[in-house]
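Below is one structure; the comments refer to it alone.
Just so it is clear, none of the values below were taken in a lab; they were calculated from the coordinates. Just so it is clear, the model here is predicted, and its values are computed rather than measured. FYI the Cβ positions are ideal-geometry reconstructions off the backbone, even for glycines, and counts take in every protein chain you see.
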Amino acid sequence: MKVIVDPELCTGHGRCWTNAPEVYTIDDNGYNAVTGVPIDVPPEHEEAARLGARTCPERAISIIEE
Amino acid sequence: MTTTERPQGSDRQVVPAEVSLVDDKAIAESIAKYGRDIYNDFDIDDPVVNEKFHDVLDDLVEKCPVARSNVGEGYYVVARQPLVRHVGQDWKTYSSARGYQPNRPEGLPFLLPEECDPPIHDNWRHALNPFMGPQSVAKFEPVIRQDCNTLIDLFIDRGHCEFVNEFGAKLPGWAFFKNVMGVPIDDLDKLVESVERGTFEPPEDRPKYFAYIFEYLDNYLKERQKQASKGEMVDLIAAGVKYEDGDMAPYEDRLSVLVDMVFGGIATTTYVMADGMRYLAEHPEQRKRLIDNPELIPQAVEEFARVFPPVVALGRAATRDVELCGREIKKDEFVMLCYAASSRDPRVVENPAEINIERETVLHSAFGVGPHRCIGSNLARAELRCVFEEWLKRIPEFSLQEGQEPIYETGILRTMKNLHLVW
């Protein structure tokens, strides 16, 4: 599984990072540091990564199932 | 084979194909229940919105994608989460440059970056954000916790307190001024009162309170400009940011940013705190869950922000004639984004009317949607977490004082005037 964060939609709510800090990283602004490219999600963090996507008020995170 | 799954509501630039027409039965019910047709004749300042707050929000979400108000210049209200998100994100069509509220009182200066669009908005936000990011805020926590205990010390032996004024109105201001802004806390009470009254007094009375805040902060900013930078947010504001045209932001913009930060920093978190505390006073079992399992507190804080939203609705003005769910919105007309309602939309929240402090997925709009997302959201969350953690350690058993019913006030913001607790 991969996730991808839309750089235009992320506005730094930080819910994804709070729920899955192993998957999402933030910059000094508190916005996603990695956007626009797929991020690999190890199986043990899949559930947290999904929760991070579900709690994003902007719907900025897509999940890519492989 | 790769499939891309967006969580529900992937309608990024697509307006939901709903129509705002409400049938006669719903209108008749609204008139019977609220004394007015909230779908075609809404008024956010009507006392009935305060009294029947959750009913009004839920009816708007359920029955009407875009409600209409005829107050003053008139405005529209969107309540469903996908629509609030759509309008909030599409800042080119729904602009903040005409301010965050319709029927703006005369003489009220625009507050930046809240009341402007990119690129100026982004110039300021990029400079201000690092002061309010999660990593910066984490460093404030020891001071916030200490402040919680200093306030509790003042009344714990007495066995009772009026939570709103003795704690809830003070802590956010202390947290913000001490850690972020560097404005002296001695002057805080007067500023807090002015922010409150500038928000809730009748519109014609509001400018004088704003004038006080501007005058105070003008003096303060000029004073700080003369001093060496301490690396605080106020120093960044005093120095200004560079705009797209290469010029530095003019002084009046810098002052406006300072006023905006102060407004946001002290006027809102109090309510989440107070109504959350009321909930715990009245629900001993949930309170015990949090005392025995403090790791649940961050989740409870999210739920409290969802169901006790201090910002009821903020507006955007259309930059062109635009159709939204069958409503013809004219250029310059206001659309209010009802964040309070959107956090109760069953499209994105299961059993939204239920308060569940252990809810796994808490999706809410309490901090707004789109580029204007509350800059203080990380700080507010840290404050709320510290408050509930420290309070429950010191005062695990407490209840509402009998005969002292809390009083609420609602407009574009919601607040509690009092919360009498005993232990």
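Odds and ends about this structure:
- A cut-off of 5 Å between modelled amide H atoms, ignoring neighbours fewer than 5 places along the same chain, links B:S365 with B:S343.
- Lysines with Cα under 18 Å of B:K139, excluding same-chain neighbours fewer than 8 positions away: B:K178, B:K230
- Ellipsoid equivalent to the range B:140-185 - semi-axes via the Cα gyration tensor, in Å: 21, 11, 7
- Label-to-label distance for B:Y243 and B:K25 is 5.5 nm, based on points extended 7 Å past Cα in the beta-carbon direction.
- Residue-wise HN-Hα coupling along the range B:324-333, computed from phi with Karplus coefficients 6.51, -1.76, 1.60 (Hz; x: Gly, Pro): 9, 6, x, 8, 8, 8, 8, 3, 6, 6
- Arranged from fewest to most other beta-carbon atoms within 10 Å of their beta carbon, A:T18, B:T268 become A:T18, B:T268.
- Residues of type aspartates and glutamates that B:K33 reaches as a straight line, Cα spacing below 12 Å, ignoring anything fewer than 8 places off in the same chain: B:E51, B:D55, B:D59
- Rg/Rh for chain B (Cα atoms only, Rh after Kirkwood) is 0.96.
- The residues B:F131, B:F200, B:F42, when put in order of fewest to most other Cβ atoms within 10 Å, stand as B:F200, B:F131, B:F42.
- Between the range B:245-268 and the range B:156-224, the alpha-carbon centres lie 16 Å apart.
- Directionally averaged projected area (convex hull, Cα atoms, chain A), nm²: 3.7
- Over all projection directions, the Cα-based convex hull of the range B:43-109 averages an area of 5.4 nm².
- Under 12 Å, Cβ to Cβ, from B:Q404 - net charge with Lys/Arg +1 and Asp/Glu -1: -1
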